Amino acid sequence: MIDRATIDKIMDATNIVDVVGEFVTLRKAGVNYKGLCPFHDDKTPSFMVSPSKQICKCFACGEGGTAINFLMKHEQITYPEALRWLAKKYNIEIEEKELTEEEKKEQSDRESMFIVNEWAMKYFQDLLKNDPDGIAIGKQYFRSRGIRDDIIEKFNLGYALSKRDALATAAQKAGYQVEYLEKTGLCIRNERGVYDRYAGRVIFPWLNVSGKVVAFGGRLLDARTKGVQQKYVNSPDSEIYHKERELYGLFQAKKAIAKEDRVYMVEGYTDVIAMHQCGLENVVANSGTALSNHQIRLLRRFTQNITLLYDGDEAGIHAAMRGTDMLLAEGMNIKVLLLPDGDDPDSFSRKHTAQEFKDYIEQNQTDFITFKTRLTVENVTDPVKRSEAIGGIVKSISVVPDQILRSTYLSELSQRLGIKEQTLLNSMNGMIRKDIEEKEKNSQGTVLSESSVAEDSLRTVPDEFIGLHTVDEQTLEVERLLIQSVIRDGEKVIYENIETEDGGTTNLTVAQYIAYDLGQDGLTFHNDLYNLILQEAAAHSGEPDFKAENYFMHHPDIEISSLAAKLAIDRHQLGKGFQLKEREGSLRQHVLHLVLDLRLDIITKRLKDIQAQLKQVGNDPKMIKALLEEYRDTQQLRDALAKQLGNDIVR
């Protein structure tokens with residue numbers, strides 16, 4: 001682990017002009033530099049680099065940040081890898097924190113396992129190229145699948161001899177310990193000795209996102225695949241490999257994924273390889289396992305757009321359905337395509353050019369609402385089963401973090417099924433409320449006395465307002481300004497000696513106040529990244545050395561650090577025409593104003609919703625009375641907020 005002092009030394013030595021200049025041709029432009037943006041198809045120089053602020057930004061596509069952000073995005077590497085890249089460039093020795101004996105042993109074991117796996121990959125490759133059996137059996141198999149030699153090289157494919165201890169013997173002869181052959185899963189020990197796991201199979205190495213060999217998959221080639229023998233055998237979980245944390249082909253695909261801003265998810269090794277050979281490189285496989293949150297977040301480093309690409313049989317349909325809600329909850333935009341006529345991505349790609357395949361995907365992929373509706377609702381006549389199926393789709397919509405997208409999905413579902421949107425909305429809000437209640441039951445933390453902050457913020461969002469609201473640009477801008485305040489000033493105290501319910505007192509920072517105020521009504525930002533930033537800032541802002549802007553600009557999550565850098569850039573001038581006016585008034589006034597503005601936007605929207613409902617209820621006197629009473633109460637809340645904004649807060 002790189003210690004804080006070393007990180008500071010690296011950042012102090014870093015010159016962003018030098019770093020960006022290794023990848024972009026820069027020309028002097030006043031006090032700054034500019035060049036063609038490497039993150040989009042830039043025709044005229046729009047990428048600005050400020051040596052004084054040590055930040056960069058494209059004023060066309062918005063990408064930018066610190067030197068760390070730039071390297072992570074451009075080279076598709078992790079935060080520690082970017083630090084090591086800079087350390088090497090500036091000849092800074094990496095000083096790791098002092099490790100315990102146990103930690104040293106664990107680190108040594110991990111390094112040894114990586115070294116053994118790297119050797120094994122080269123061993124399997126050499127057999128495929130040079131051994132008579134490797135050429136006659138292994139290479140012949142790949143040739144029968146139409147796989148070219150350059151693709152074999154690209155994916156480091158290999159072959160394991162059928163002799164059960166061939167690898168074990170060769171590894172020990174080369175000086176590698178049996179302990180690490182077992183720990184990596186390359187070999188298995190039983191009462192008769194040590195044997196190779198992959199004997200007689202073609203080999204598919206797994207590389208992690210950084211290009212290290214973490215595991216292998218091996219496929220049998222003969223008639224034994226029709227008996228009790230497994231066709232595929234994969235590495236077991238180990239200290240360096242956990243199947244729920246890796247995606248096959250990600251290392252080879254990551255740059256194409258970032259460039260295309262989309263990833264294709266397929267089922268198996270040969271699907272990935274065949275699509276690469278066809279010319280579609282932004283593809284990964286989860287190899288038959290259910291998607292995990294870690295895998296989804298790994299993909300989100302490169303894109304939020306995913307197309308699930310499977311064959312149209314029952315297994316393909318099941319694979320497409322699996323993990324949908326998890327993808328949606330992580331903010332992924334999902335498309336689904338089931339291939340026709342018994343084809344899988346492997347066979348389909350061998351019949352079509354890359355452009356034909358792309359065109360077919362564009363013309364036939366559907367959003368998940370259409371896919372799930374066709375699959376589970378259409379042609380279902382039983383009322384109970386139909387209701388359950390519709391509820392399942394509404395539940396999927398309810399986990400989407402972007403409320404604008406939620407609203408779009410709900411409207412589309414309403415039109416497709418001929419069900420009133422309000423009915424679907426009520427059902428979904430019930431699901432959201434239940435989730436909020438469950439989270440509240442599981443949450444722990446200091447409960448502040450509500451009266452202690454009541455003089456500055458009205459809790460004016462009743463329970464029935466929580467859920468789905470159509471969001472306009474003004475609301476989104478208020479949320480952006482709130483999270484900008486968290487990033488810039490999250491650690492600064494704006495309330496002192498606030499009474500808590502246990503009789504004690506506490507201080508509230510900007511981040512803690514915003515989190516507390518919104519949390520009282522279960523309100524969240526529409527942008528899930530904002531919610532993550534607020535949670536982290538509130539958790540850390542009481543720490544003595546915590547500085548929100550520095551913390552988030554150097555955050556290991558590239559999305560968070562990029563956003564923080566962009567919001568920090570907004571306060572600095574990179575050149576003429578790019579100056580944002582600083583906020584006026586005190587920090588406390590500024591934050592309270594924004595929180596109240598957000599609440600006012602929610603309540604104003606609710607008034608419009610009630611008016612729309614009044615036009616739809618017909619002659620139901622009870623419903624009309626209830627809506628009129630709600631409208632009156634909501635107006636009073638709106639007026640109280642407006643008065644407080646007008647009288648107490650300086651705009």
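For every residue, the table says whether it meets (1) touching a residue at least 40 places away in the same chain (Cβ under 8 Å); (2) farther than 24 Å from M332 by Cβ.
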site: E473; (1), (2): no, no
site: Q484; (1), (2): yes, yes
site: V493; (1), (2): no, yes
site: N497; (1), (2): no, yes
site: G504; (1), (2): no, yes
site: L508; (1), (2): yes, yes
site: A511; (1), (2): no, yes
site: N527; (1), (2): yes, no
site: L534; (1), (2): yes, no
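Scanning segment 182-204 for residues that are of a type outside the set (A, V, I, L, M, F, W, C) and part of a strand (DSSP E or B) yields R189, N190, G193, Y195, D196, R201. For D557, the criteria (1) open to solvent by 20 Å² or more (accessible area, probe 1.4 Å); (2) acidic (D, E); (3) under 30 Å from N497 (Cβ atoms) hold in every case but one, which is (3).
Conditions tested, residue by residue: (1) modelled with pLDDT under 95; (2) part of a helix (DSSP H, G or I).
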position	(1), (2)
Y176	yes, no
Y180	yes, yes
F216	no, no
R219	yes, no
V228	yes, no
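Right, D133: at pLDDT 95 or above and out of contact with any helix residue (DSSP H, G or I) (no Cβ under 7 Å at 6 or more places or on another chain) or not? No, not satisfied. Filter segment 178-208 down to residues that are within 16 Å of V272 (Cβ to Cβ) and surrounded by 22 or more Cβ atoms within 10 Å (Cβ to Cβ) and give me whichever is farthest from the chain's Cα centre (by Cα). Selected residue: V202.
Of all the listed residues (G158, G138, G134, G211), the sole one being at positive phi, small (G, A, S) and open to solvent by less than 70 Å² (accessible area, probe 1.4 Å) is G211.
Checking each residue in segment 112-125 for being open to solvent by 80 Å² or more (accessible area, probe 1.4 Å) and either over 11 Å from T184 (Cβ atoms) or touching a Gly at 6+ places or on another chain (Cβ under 8 Å) (or both) picks out only K122. Restricting the first member to segment 136-153 and to residues that are part of a loop (DSSP other than H, G, I, E, B), and the second to residues that are among the aliphatic types (A, V, I, L, M), the beta-carbon pairs closer than 8 Å and six or more apart or on different chains are R145/A274; G146/A274; I147/L157; I147/I273; I147/A274. Scanning segment 248-267 turns up no residue that is open to solvent by 30 Å² or more (accessible area, probe 1.4 Å) and β-branched (V, I, T).
Restricting attention to segment 30-82, which residues are assigned to a helix (DSSP H, G or I) and under 14 Å from L563 (Cβ atoms)?
I68, N69, M72, K73
Restricting the search to helices (runs of 4 or more DSSP H) fully inside segment 267-326 and requiring at least 2 residues that are within 19 Å of G146 (Cα to Cα) gives 269-278. Could you say whether any residue in segment 80-95 is at pLDDT 85 or above, closer than 20 Å to D261 by Cβ and crowded, with 21+ Cβ neighbours inside 10 Å? No: segment 80-95 contains no residue that is at pLDDT 85 or above, closer than 20 Å to D261 by Cβ and crowded, with 21+ Cβ neighbours inside 10 Å.
Number of residues in segment 333-366 that are open to solvent by 30 Å² or more (accessible area, probe 1.4 Å) and either over 17 Å from N282 (Cβ atoms) or outside any loop (DSSP other than H, G, I, E, B) (or both): the value is 17. Counting only residues that are within 21 Å of L338 (Cβ to Cβ) and assigned to a loop (DSSP other than H, G, I, E, B), segment 234-266 holds 3 of them. All conditions but one from (1) in contact (Cβ under 8 Å) with a residue 60 or more places away in the chain; (2) open to solvent by 10 Å² or more (accessible area, probe 1.4 Å); (3) under 26 Å from R143 (Cα atoms) apply to D311; the one that does not is (1).
The values are calculated or read from the model by the stated rules, or taken from the named source; none is laboratory data. Since the structure is predicted, the reported quantities are computational estimates derived from the model, not experimental observations. For neighbour counting, all protein chains shown are included, and Cβ atoms are generated from backbone atoms with ideal geometry for every residue, glycine included. To get the accessible areas, we keep the full protein, side chains included, count just its heavy atoms, and leave off ligands, DNA and RNA. Shrake-Rupley method; radii C 1.70, N 1.55, O 1.52, S 1.80 Å.
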